[in-house]
1. Would you please give the FRET efficiency between B:His68 and B:Lys94, computed as 1/(1 + (r/R0)^6) with r the Cβ-Cβ distance and R0 = 56 Å, to the nearest 0.05?
2. Between the helical axis of B:457-476 and the dominant principal axis of chain B, each derived from Cα atoms, what acute angle in degrees is found, rounded to the nearest 10?
3. Past the 31 Å Cα-Cα mark, which pairs from B:Lys243/B:Lys416; B:Lys94/B:Lys243; B:Lys182/B:Lys559; A:Lys64/B:Lys289; A:Lys86/B:Lys86?
4. Under a plain spin-label model, where a point goes 7 Å from the Cα along Cα-to-Cβ, how far apart in nm are B:Leu205 and A:Ser164?
5. Could you tally the net charge around B:Phe383, taking each other residue with its Cβ under 11 Å from the Cβ of B:Phe383, Lys/Arg +1 and Asp/Glu -1?
6. Ordered by residue, what ³J(HN,Hα) values in Hz, to whole numbers, does the range B:115-123 give under the Karplus form 6.51 cos²θ - 1.76 cosθ + 1.60, where θ = phi - 60° and Gly and Pro are x?
7. When the dipole is taken about the Cα centre of the protein assembly as shown, and only Lys, Arg (+1) and Asp, Glu (-1) are charged at their Cβ, what size is it in debye, to the nearest 20?
8. Which order do the peptides B:334-347, B:228-241 take when ranked by the mean count of other beta-carbon atoms within 10 Å per residue, highest first?
Amino acid sequence: MAGGLAGALGAASWSELRAVSAYAAGVAESTPYEFLTAEQAKLLDVVTAHLVPTDDTPGAREAKVVRFIDHALATIFKDNQKDFAKTLADFTEFTSHYRPDGAAFLALTPNEQIDAIGELERLEPDVFRDLRDMTMAGMFAHPEHGGNFGKVGWKLIGYEDRYSWAPPFGYYDRGRE
Amino acid sequence: MSGHPHHQHEPVRLLQPMRTYAPTEEVDFVIVGSGAAGGVMARELSRNGFSVVVLEQGPFLTERDFSHDPFWGDLHPDKALTNNRKDQPGTSRKTDKDEAKLSGWNNYGRVVGGGSVHFTANYWRFPELEFEQATRFGVPDDSTIADWPIRYADLEPYYTKVEWDIGVSGLAGNPFEPPRTKPFPLPPLPIKSEGVLLERGANKLGMHPWPAPMAILSRPYRGRSGCVACGICIGNACEVRAKSSSLVTMIPEAVATGRCEIRTLSYVRKVETNAGGRVTGVTYFDRNKKEVVQRAKAVVLSANGCETPKLLLMSATSAFPDGLANSSGQVGRNIMFNGSALRRGLFEHEVNGWKGAVVSRVVWDTYEMPASLGLYGGGGFDFRCGYDPLSGGATWPGEPTWGSAWKKRARDYFTKSLMVYGHMSSLPTPNNRMDLDPKVKDAWGLPAPRLTFTGHPNDFKLGAWFGKRGEELLRAAGALSVAGEYGGPDGGGPHLLGTCRMGKDPRTSVVNADHRAHDVPNLFIVDGSNFVTSGRGQPTMTIQALAFRASDRITALVKEKAL
């Protein structure tokens, strides 16, 4: 999308972000999407889970990244709806050429999907970056925005949202406090 | 986005009632802007017995309104604490031949307290040489650099006043700091792992690391809390009043005089003048976009290095066809932003720079460069995290950017890396300037500020040198690998400097050493626009020292009946 994630983040205003907070408690599986079509949501579920897979630690699915993306596009990233829809369309178009038979991305095997995303990263870096930026925003933004559910993103990178810290902060300042 | 300025609500809470004035009442001073400079002017002039109205574009927020969510950080423009790109766009171009395009070059704090509410709080004094560079080092080709009309000795008492009146933490004795008359009022903030690593690297290279002077309280001071090291700091507003912004230092003390009104959501569009060429007040848009005239005996512009010249250019009349106070043609010219050279280093163990204040150690050996390098200007270094939790998706060159392989490294990138930041001077040039865009308007129908800017070749060379030196610092500190390549002048940002330069000669400067407009006897300009040179990267300390000095000078002029 235009300006990438920074532009999207920048478009949010305080009161609108505040209004999102009620969303934090998590959304039931059956809750309808606010912006995404069911098809787009299904695609994003698979794509984001390849970008941040569930392995020995939680990934995009546990963080509810797709719910974050959906809710953000309906609210704080509203201005980016068109751009993001185009990103998804570009993704669909690009990956449809992966197999000679023109199979849709979701029809590929998991290994083919991974390979196709790798090609996207090499050949369509802007489309890849938009998808990755949105995924990462869903992983690491404050949970009150709908993603980073259970703070799984923050746990992954070792961030803790405490209100105060005392030295030593890291390894190297031990003994200097 | 509603397309409206944010903060239609304004949950201001003051500890005492605030004096208010009717716009028709002629007050002694109208001050435009309530930031680093405007806050000081408001407190000093109201304490000196004058009636003061401060007109601020943004809302009056307090720590109860601030969030612990890095999403609020306004490193991204359009955020709650800064001007909104949609409502107040800027345009920029490289040269006069180019068509200016929308850009976010004009980034500034748009709340009571201005940029000081969200700044990093590096409070470096300018070195003595800063004020006399043209004399000492000459004027490079294609530069308009000049000596200041004042010297370090003129500002020293005011630098000290800043440190004691707002609360600056640090340690006297840095061999590269100019002479000081008093120690810091507060000890340095605790050293962080980045600081220890900077010490390690700098010592190996024979440089002199030193505790960073920071406008953040290391201990409780004057009724405010010490820093609790929460880490949501750069680009964010402090939730415990430890960051020494105008919002929590100067503004409440100005209001407490009973003579100062902070009038918010008030966007000044014109400085009014009479047939005698004197200022009579200002016209502003109130919160409902209704035009109001506030009368005043004198006007002080502290709106920042973009908004101040913009306002002067918008205040053109038949008597001042090229803009108010602009007989020199220098309003908007000589614009500088500082420069930066950035590299990241990945270390073996946890640095965790996301905790605590941004900077704990600095290196200033590079304030003055060896003549043999042929570089003009100089700068200083710090090591900092440069990441907030939203940066959890960070990558490293040559390593996977997604999937399980990336996931396994994400924690290392976040906790074990840091950034060396080279802060640099930048040169003013004859053509770099801001003016009014002929086409693009803001949400109030006022012209957008247009930037014309091409970095001076010296500043790219300086940036390349600082980048290389920064890399050496990282490696000497033990970095396992180093990434990044930028070094050069910033083409925009919050350091908006030089656009109403001070000087002795009315043909080449906008204000004199008293900050008085050469062309208009009762108009004063006090902010970063006055800078004749850019400094070595950290302007706010000097903006406030200038403001304290200007308050003394203006008060003296009134006493001498010279206003």
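1. Working from the Cβ atoms, E equals 0.90.
2. Once rounded, the angle reads 40 degrees.
3. Working: B:Lys243/B:Lys416 26 Å; B:Lys94/B:Lys243 36 Å; B:Lys182/B:Lys559 29 Å; A:Lys64/B:Lys289 42 Å; A:Lys86/B:Lys86 22 Å.
Beyond 31 Å between Cα atoms: B:Lys94/B:Lys243; A:Lys64/B:Lys289.
4. Result: 3.6 nm between the two label points.
5. For residues surrounding B:Phe383, the net value is +3.
6. x, 5, 5, 10, 5, 6, 6, 5, 10
7. Computed charge dipole of the protein assembly as shown: roughly 1740 debye.
8. With the highest mean Cβ count within 10 Å placed first, the list reads B:334-347, B:228-241.
Read-outs throughout are calculated quantities, based only on the coordinates presented, and are distinct from any laboratory measurement. Predicted, not measured: the structure shown is a model, and the values here were computed from it. A quick note on method: Cβ atoms are made from the backbone with ideal geometry, for glycine too, and the neighbour counts reach across all protein chains shown.
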